[in-house]
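A short worksheet on the structure shown next.
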Amino acid sequence: MEGSKTAVVLRSGEPHPRCWGCQLELAPAATDCFAAPAEGDRLRIRTSRTSRQWIEVDGAGEDGDAGGIGAEETARHLSQAVRSANLVVLSGLGTSLCVRRGDERLAPTMWQLLERVRAEFARLDAADPLPDQRGRWSAFTAAANVAEGEENLEHVLSRAKLATELAPEPVRILQERLLAIAEGVILEAVDFLAADVTLDTHANFLRRIARRPSRKARVRIFTTNYDRCFEAAAGREEFIVVDGCQTASKRGSDAVSMTIKALRGGALREGRAWLGRTSGV
């Protein structure tokens, strides 16, 4: 983020030698992006104030203060990032794992989605075997030209989607059916945003970044998640989200919509007209 001369790097390994500024990481044990962080994982930070040494964010300071210099440095650098001229947020699975109903974590990990797809294929194999007696997962991965033991579900789905475009007709038809089954399993698994599910973490995050001065550029949030936690939280908090869809009754993607600004009623008299610049994302 060149505007504030601060770079915050979230990573789970050794920092690249050219990275500069504040660097945050999970302890080396948390290197599996398909699994939830283990209980022993800790967020760590390294800056010039820590003598370029990794220290735990939640570690106690020498004077007994909770958090110590690790917590202070994390808060300082994240605060600088939020106040930067241009703020771009890239959100992954970790932002959904906090969504719970009681003690039940609702958002599935990528590994759990993979297991659910495999289980559904196995169930269909038992109920209605393919004519050639192959398993559906085996046929699915073979048509996608990936190993049957591939554990990166997104990679499998991407290759499977490509196979529906390029494969000969018999393979294409089967692949389209299997892809529809896999996508249906995923859609059902990530559709957990019922009315009784709270999104306090997402809502609190949106409220904080919406406090940025109106002269700064609108915050941009990119997410790789299948769920709609950010969209739902924004709707509940009545934030305006410019997502590229038309705001008219007929919803649809339109690039022109990315430039839309919303005018608050009576705002011209108040001197602050563009709601998208004050509380929009």
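The values are calculated or read from the model by the stated rules, or taken from the named source; none is laboratory data. Quick caveat, the model's predicted, so the values are computed rather than measured. Cβ placement follows ideal geometry from the backbone for every residue including glycine, while neighbour counts extend to all protein chains displayed. What goes into the accessible areas is simple: the full protein's heavy atoms, side chains included, and nothing from ligands, DNA or RNA. Shrake-Rupley method; radii C 1.70, N 1.55, O 1.52, S 1.80 Å.
Observations on the model:
- Per residue solvent-accessible surface (Å²) - the range 103-179, probe of 1.4 Å: 57 Å²
- For VAL242, distant residues with modelled amide H under 5 Å away: VAL281
- Cleavage-rule hits, GluC sites (Glu not before Pro), the range 124-203, DSSP coil, Cβ neighbours within 10 Å at most 16: GLU148, GLU150, GLU151
- The stretch between ALA75 and ALA142, if pulled fully straight at 0.36 nm per residue, gains 19.3 nm over its current Cα-Cα span.
- Integer Hz, Karplus 6.51/-1.76/1.60 couplings in order for the range 223-229, x for Gly and Pro: 10, 9, 7, 7, 7, 10, 4
- Rounded percent of accessible protein surface that carbon and sulfur make up, the range 164-239, 1.4 Å probe: 50 percent
- Once both labels are positioned 7 Å from their Cα atoms along Cα-to-Cβ, the gap between GLU169 and ASP58 label points is 6.0 nm.
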